[in-house]
Structures are given as C-alpha cells and as structure tokens.
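Everything on this sheet refers to the single structure shown next.
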Amino acid sequence: MVREIQPDELEELLSLYLHLHENTVPEMSNHLRDTWDRILSDPNHHIIVYEEDGRLVSSCVSLIIPNLTRGVRPYALIENVVTHAAYRGRGYATACLNYAKELAIKQNCYKIMLSTGSRQESTLQFYRNAGYDDTVKTAFVQNLD
C-alpha cells in the first residue's frame, strides 16, 4: 500500500534510509525531533512510503516548490528514493514515484525534477522507465560539507 508517512513512523523511516546511503540511524535528539515536526507541518513536504508486510519497504520525498514563472505554477522535486534491499524489483519505488506524480498533478505543477548520484545503468534505466528524461537538463551539485 502506498501512502504518506504517519507521525509515529520516524524511526522506521530512518532505518529504511540505511538502504539509501546512511550508515547509521541518527540518535534521537531535539534537533531531529524539531526537524521531523517541521517536515510534518509543511504542506509542501510529502514523505511517501510503501508498506508491505506491516513495514515500510520503500519511500521517496516529494517537495512542491512555489514558483513565479511558468504561469505562477509550482514544480516538484523528488529526493531520497529508496527501497529496502530485500524488497527491490517489486515495483514499490515506482508506486511511490507515481504517487508523487499524482500529488504534483493535483498541485498543478508544471514539472517534476529528480536527480541521482548513481551511475549504475540499472538505476538510470529505472528512472527512465518511471517517465524521467535525462536528456533535457543538466544537474550541478555543490556539496556544502
């Protein structure tokens, strides 16, 4: 079942992120709780999850960004696409991305952007198959760490 995350699922989401690029689950702190509360209260910040067997097995984040161009239409940004290693290849991440697309359509977004740090052809093909075009834009990243 694909849906938006519930407030009591933070720890499970953080554990799922171990299958993305995290090495450890962050310690519960005031900063983490405050960040979680800000995310949950932001109507433009959506954490989409796929639940299977009573656990979160896939997720993505969709941000709806207000915009002053393109007829004052917003755009969406997708981040943190992840599926638990034991559940990959079952279409769960695609379902999350499709849910994000439906949110973007309902908000009258004119585009959805997604970037990946992966160079694996299977990952790039996954995004192409999900409808993302890697030929129309060039992404640049400046890390601040």
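The values are calculated or read from the model by the stated rules, or taken from the named source; none is laboratory data. All figures in this text were calculated on a predicted structure; none of them were measured in a lab. When we count neighbours, we look across all protein chains shown, and the Cβ atoms used for this are built from the backbone with ideal geometry, even at glycine. What goes into the accessible areas is simple: the full protein's heavy atoms, side chains included, and nothing from ligands, DNA or RNA. Shrake-Rupley method; radii C 1.70, N 1.55, O 1.52, S 1.80 Å.
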| task | Give the cross-link partners of Lys137 among the lysines, using a straight C-alpha distance below 17 Å as the criterion and excluding same-chain residues fewer than 8 apart. | result | Lys111
| remark: Here the FRET efficiency for Lys111 versus Glu27, based on Cβ atoms and R0 = 41 Å and rounded to 0.05, is 0.65
| field | Accessible-area value, Tyr110, 1.4 Å probe, nucleic acids and ligands omitted, Å² | value | 60 Å²
| Taking region 1-93, which GluC sites (Glu not before Pro) meet the DSSP loop condition and have no more than 10 other C-beta atoms within 10 Å? | Glu27
| message | With a cut-off of 8 Å between alpha carbons and a minimum separation of six or more residues, what is the relative contact order of region 1-92 in percent? | response | 29 percent
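Can you tell me the FRET efficiency between Arg128 and Ala85 if r is taken as the Cβ-Cβ distance and R0 is 30 Å, rounded to the nearest 0.05?
About 0.85, to the nearest 0.05.
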| field | 16 Å Cα-Cα reach of Lys106 towards aspartates and glutamates, excluding residues that sit fewer than 8 places from it in its own chain | value | Glu4
| 1.4 Å probe accessible area per residue over region 8-145, in Å² | 66 Å²
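Loop-only trypsin sites (Lys or Arg not before Pro) in region 96-142, please: DSSP not H, G, I, E or B, and at most 11 other Cβ atoms within 10 Å.
Loop-located and lightly packed - Arg119, Lys137.
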